[in-house]
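The values are calculated or read from the model by the stated rules, or taken from the named source; none is laboratory data. Source: prediction; values computed, not measured. Here Cβ is always computed from backbone atoms with ideal geometry, including for glycine, and neighbour counts include all displayed protein chains.
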Amino acid sequence: MTLYARSGTTDIKILLVEDDDGDAKAVIRAFSKANIGNPIIRAQDGVEALAYLTGEGRSALARPPILLLVDLNMPRMNGIEFVRALRAHPDLRRTVVFLLTTSKREEDMAAAYDLNVAGYIVKQNAGVDFLNLVGMIDSFWKIVELPT
C-alpha cells in the first residue's frame, strides 16, 4: 500500500530526521510491517534535513507532499531549531511535522506546539510506539487535506 495525498495521486514522501540508528530502523521496520511502501528518506540531524528540503546542492526544492518525522534531541541542530528554520522558510513553512522524542518535559512540548507541529509523540517502547505511529499516520492521510 502507498499513502497518497487526498487532493491528488502524488505519493507522500516521508523524511525521517533521526540521529539514532536503532530508532530509525524501528520506524522503517514499522512502515514495512504495515505494508506502507512510501519512500522514506533519512537525515541524521536538522542540518542535513534542511539541506535536503531546500535543495542545497540540487536545482530544486524537495516538493510536497512530504511528511516529516523529527527527533527532538539531535546533534548540530535539534528538532525545535530545525522546525523553527522550516517555519521561517517561505516554501517549507506549511510542511507537516511530527516530533518524536523521549522527552515528556512541558517546555519541550510547548516549544513544539508553538511551532505548529502536527503532533508531539513520546517514544517509550520503540516497537509498539512506532507501529502505533504508522497506524496514526495512515489514518491522518486518509482524512487530512494538505497544502500544496
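Cβ-Cβ distances below 6 Å connect no pair with a first residue in the range 72-83 that is under 10 Å from Val47 (Cα atoms) and of a type in the set (Asp, Glu), a second residue that is surrounded by fewer than 20 Cβ atoms within 10 Å (Cβ to Cβ) and modelled with pLDDT of 95 or more, and a separation of six or more residues or different chains. Restricted to the range 1-113, the set of helices (runs of 4 or more DSSP H) holding at least 2 residues that are crowded, with 20+ Cβ neighbours inside 10 Å, among the aliphatic types (A, V, I, L, M) and modelled with pLDDT under 90 comprises 21-33. Taken as a whole, the condition of being of a type in the set (A, V, I, L, M, F, W, C) and either at pLDDT below 75 or loosely packed, with under 14 Cβ neighbours inside 10 Å (or both) does not apply to Val134.
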